[in-house]
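The values are calculated or read from the model by the stated rules, or taken from the named source; none is laboratory data. In this text, all values refer to a predicted model and were calculated from it rather than measured experimentally. Ideal geometry is used to build each Cβ from the backbone, glycine not excepted, and the neighbour counts take in all protein chains shown. The protein model used for the area step is the full one, side chains on, heavy atoms only, and it has no ligands, DNA or RNA in it. Shrake-Rupley method; radii C 1.70, N 1.55, O 1.52, S 1.80 Å.
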Amino acid sequence: MKIITVTLNPCIDVDYKLTSPFKAGELNRVPAPAVQVCGKGINVSKALSKMGRSSVAMGIFGSDGAEESIRNMGFEVSGVYCTGSLRRNTSIIDSEGVQTQINEPGINVSDDKLREFIGLYKSELNCQGGCVVVLSGSVPPGVPKDIYRKLCTIARNAGAYVILDCDGEALKAGMEAIPDLIKPNREEFEEIDGKKLSGEGTALRENAAKEALRFHLTNHSSVLLTLGEDGSVYAGPEGCCLCEARRAEIKTFKGAGDSFLASFILHHIVEDKDCEMSLILASGDSAKYLSE
């Protein structure tokens, strides 16, 4: 089964790890940052590669050659190239584990470049043996906010299993095309569901499971809902499953949800394990990612 990840707005992550608490408005001396090309779909492909599974990472890249860094990560890269450099996402994690993040908007994408990308996307979908498509992340300047609705429709018409992982207006528009699965975190789910989830721990998971199942029955998309330290919930045609979070020494926050999704895709969709076992395995893989 072919796996395609789509990152319309990739970025260069610049991560600073402080050895003391961050002081806003003051001088903070930091060691040299870790710098790498990222994006939600790219992170999923990266995690899949670590699990021994190949994928195609599609994206809209700049003219700065940053995609060459991705080609060395162990998976295929396919995309179009615009004038300009990739946006930079800067994060600061201090000694107390508090993260401050500054995200740039991204490269402006012309109509011609978007049409070129869609043509390439259609060609990647033309494959044998089934296909899983992961549409994720923010939408760059110049691209319509309903782009995920279009990409989801194209993929579903090609017979692909479609996963949507974004937020805000992009998620609401994409939901109109009825993706097979959405993967929100708590805040993103509350926004699209229109209700606040209450409780913590077991109580929160049970409350979230009820809401996720109701959402699935109403909107026909399965829900893979991550709740941070309170665990995760899946609701879909198979029913509803809950899983506690695996405890880990946290060294990074970035990409944990993408690693969780990659593991769930591999175990539940590709290998056809039941949803409960897939949640357990995804929780373990995510904890391992956090501690690396």
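Under the 0.36 nm per residue contour assumption, what length would be gained going from the current alpha-carbon distance of GLU68 and THR218 to full extension? Mind showing how you got there, number by number?
On the way: separation 150, 0.36 × 150 = 54.00 nm, distance 4.29 nm.
Using 0.36 nm per residue and subtracting the Cα-Cα distance, I get 49.7 nm.
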Here the relative contact order (percent) of segment 1-64, from C-alpha pairs under 8 Å and at least 6 apart, is 50 percent
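In deg cm²/dmol, rounded to 500, what helix-only [θ] at 222 nm does the chain give when every DSSP H run of at least 4 residues adds -39500 (n - 2.57) and the total is split over its residues?
Mean residue ellipticity at 222 nm (helix-derived): -11000 deg cm²/dmol.
Stretch ILE178-ASN126 to full length: gain in nm at 0.36 nm per residue minus the Cα-Cα span?
On the way: separation 52, 0.36 × 52 = 18.72 nm, distance 2.06 nm.
Taking ILE178 through ASN126 to full extension adds about 16.7 nm, to one decimal.
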In Hz, Karplus ³J(HN,Hα) per residue of segment 31-37 (6.51, -1.76, 1.60; θ = phi - 60°; x = Gly, Pro) = x, 4, x, 7, 10, 7, 7
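Of the beta bridges DSSP finds with both residues in the chain, what % are antiparallel, to the nearest 5? Intermediate values should be presented prior to the final figure.
Values: 19 of 52 bridges.
Rounded to the nearest five, the antiparallel share is 35 percent.
With a ≥ b ≥ c the root eigenvalues of the C-alpha gyration tensor of segment 77-209, is it rounded (a/c under 1.5), prolate (a/b larger than b/c) or oblate?
Values: a/c = 2.15, a/b = 1.27, b/c = 1.69.
Because a/c hits 1.5 or more and a/b fails to exceed b/c, segment 77-209 counts as oblate.
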Average accessible area per residue (Å²) across segment 60-126 - probe 1.4 Å, nucleic acids and ligands excluded | 52 Å²
Taking 45-54, 193-202, 258-267, 131-140 and ranking on average Cβ neighbours within 10 Å, highest first, one gets 258-267, 131-140, 45-54, 193-202
Taking the Cα-to-Cβ direction at SER85 and at LEU27 and moving 7 Å from each Cα, how far apart do the two end points lie in nm?
-> 2.5 nm
Along Cα→Cβ, 7 Å out, is where each label goes; now give me the distance between the ones at SER54 and LYS195 in nm to one decimal.
-> 4.5 nm
In a Debye calculation with equal point scatterers on the alpha-carbon sites of segment 171-292 and no solvent, what is log10 I(q)/I(0) at q = 0.14, 0.16, 0.20, 0.21 Å⁻¹?
-> -0.54, -0.71, -1.12, -1.23
At a 1.4 Å probe radius, carbon and sulfur cover how many percent of the accessible area of the chain?
-> 48 percent
Using Cα pairs closer than 8 Å and at least 6 residues apart in sequence, work out the relative contact order for segment 1-138, in percent.
-> 36 percent
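Kindly provide the GluC sites (Glu not before Pro) of segment 66-150 that DSSP labels as loop, not H, G, I, E or B, and whose Cβ sees at most 16 other Cβ atoms within 10 Å.
Details: sites: GLU67, GLU68, GLU76, GLU96, GLU116, GLU124; in loops: GLU96.
Counting only loop positions with at most 16 other Cβ atoms within 10 Å, the GluC sites (Glu not before Pro) in segment 66-150 are GLU96.
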If amide H atoms are modeled at 1.01 Å from N in the peptide plane, then the residues at a separation of 5 or more from CYS38, or on another chain, having amide H under 5 Å from its own are CYS11, ILE12, ASP13
